[in-house]
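Each remark here refers to the structure printed beneath this line.
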Amino acid sequence: MANGNFMDTGPVLILLSGLPGSGKTTFATRLATCLTFEHIESDAVRRSLAHEPAFTPAENARVFDRVEAEARRALEAGRHALIDATNLTTRDRKRFVRLARLLAVRLIAVRLVAPEETIRDRLAAPRNGNSQAGIAIYERMRGRAQPFGYPSVVVDTRFELAPALALVCFLVDGRLDE
């Protein structure tokens with residue numbers, strides 16, 4: 001329990017998962033108020049690679065190769081990394097689980113959820129940030145979500161995020177702010 005922490009103090013890979021409009025980027029932004037990490041947002045990476053994204057398999061491969069490379073760089077440098085992407089299927093998450101194992105870092109999975117009506121309302125409103133997902137993308141993706149095969153934190157983003165943020169910060173560094 002060095003410094004009052006019971007957790008390993010090495011870098012952690014935080015893996016967000018959720019449908020478009022579920023609140024992943026909002027959660028990541030709020031998490032940054034209590035934790036320092038490299039925020040790797042797939043939507044920002046996609047925009048940097050393609051001015052007019054086509055969401056083709058080839059484009060997706062380039063995006064997630066870059067996301068993985070950025071996460072690897074952060075973790076190898078001793079920094080926490082947060083992957084902000086839908087990561088809905090076991091296959092989508094597999095590369096990041098493999099990366100955490102390869103680098104021997106802890107993986108904290110966070111699944112963000114909200115009722116369909118809430119998500120539709122969010123997606124119908126003007127969006128800030130890098131996401132270009134709207135109702136049509138949500139419709140294409142909503143049946144794809146698969147459960148995690150390992151422990152994860154589930155956050156219903158209709159509600160106040162503070163308790164979930166505190167839990168994730170505690171899981172990462174073992175500290176509770178009083």
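When we screen Ala104, Ala125, Ala114 for residues that are surrounded by fewer than 17 Cβ atoms within 10 Å (Cβ to Cβ) and modelled with pLDDT under 95, the only hit is Ala125.
Out of the residues in the stretch 41-53 that are small (Gly, Ala, Ser) and surrounded by 13 or more Cβ atoms within 10 Å (Cβ to Cβ), state the one that is farthest from Arg93 (Cα to Cα). Only one residue tops the list, namely Ala50. In this structure, Thr56 qualifies as among the hydroxyl-bearing types (Ser, Thr, Tyr) and exposed (fewer than 14 other Cβ atoms within 10 Å of the Cβ).
Can you confirm whether Thr33 is of a type outside the set (A, V, I, L, M, F, W, C), modelled with pLDDT under 95, within 24 Å of Ala114 (Cβ to Cβ) and surrounded by fewer than 21 Cβ atoms within 10 Å (Cβ to Cβ)?
Working: of a type outside the set (A, V, I, L, M, F, W, C): yes; modelled with pLDDT under 95: yes; within 24 Å of Ala114 (Cβ to Cβ): yes; surrounded by fewer than 21 Cβ atoms within 10 Å (Cβ to Cβ): yes.
Here the answer is yes, as Thr33 does meet what is asked.
Does Ala54 meet the test of being modelled with pLDDT of 95 or more and over 17 Å from the mean Cα position of the chain (by Cα)? Please lay out each step first, then the result.
Working: modelled with pLDDT of 95 or more: no; over 17 Å from the mean Cα position of the chain (by Cα): yes.
When the stated conditions are applied, Ala54 does not pass them.
I want to confirm something. Restricting to the stretch 136-176 and keeping residues that are of a type in the set (D, E, K, R) and at pLDDT 90 or above, which single residue is nearest to Leu107 (Cα to Cα)? Per the criteria, the residue is Asp156. Being within 25 Å of Leu167 (Cα to Cα) and surrounded by fewer than 14 Cβ atoms within 10 Å (Cβ to Cβ) holds for only one residue in Gly23, Gly10, Gly18, and it is Gly10.
Given the structure, is Thr33 in contact (Cβ under 8 Å) with a residue 60 or more places away in the chain, within 21 Å of Val168 (Cα to Cα) and part of a helix (DSSP H, G or I)? Quick ask: steps written out before the conclusion?
Working: in contact (Cβ under 8 Å) with a residue 60 or more places away in the chain: yes; within 21 Å of Val168 (Cα to Cα): yes; part of a helix (DSSP H, G or I): no.
No, not satisfied.
The values are calculated or read from the model by the stated rules, or taken from the named source; none is laboratory data. Computed from a predicted model, the values in this text were never measured in an experiment. Cβ atoms come from the backbone with ideal geometry, glycine included; neighbour counts cover every protein chain shown.
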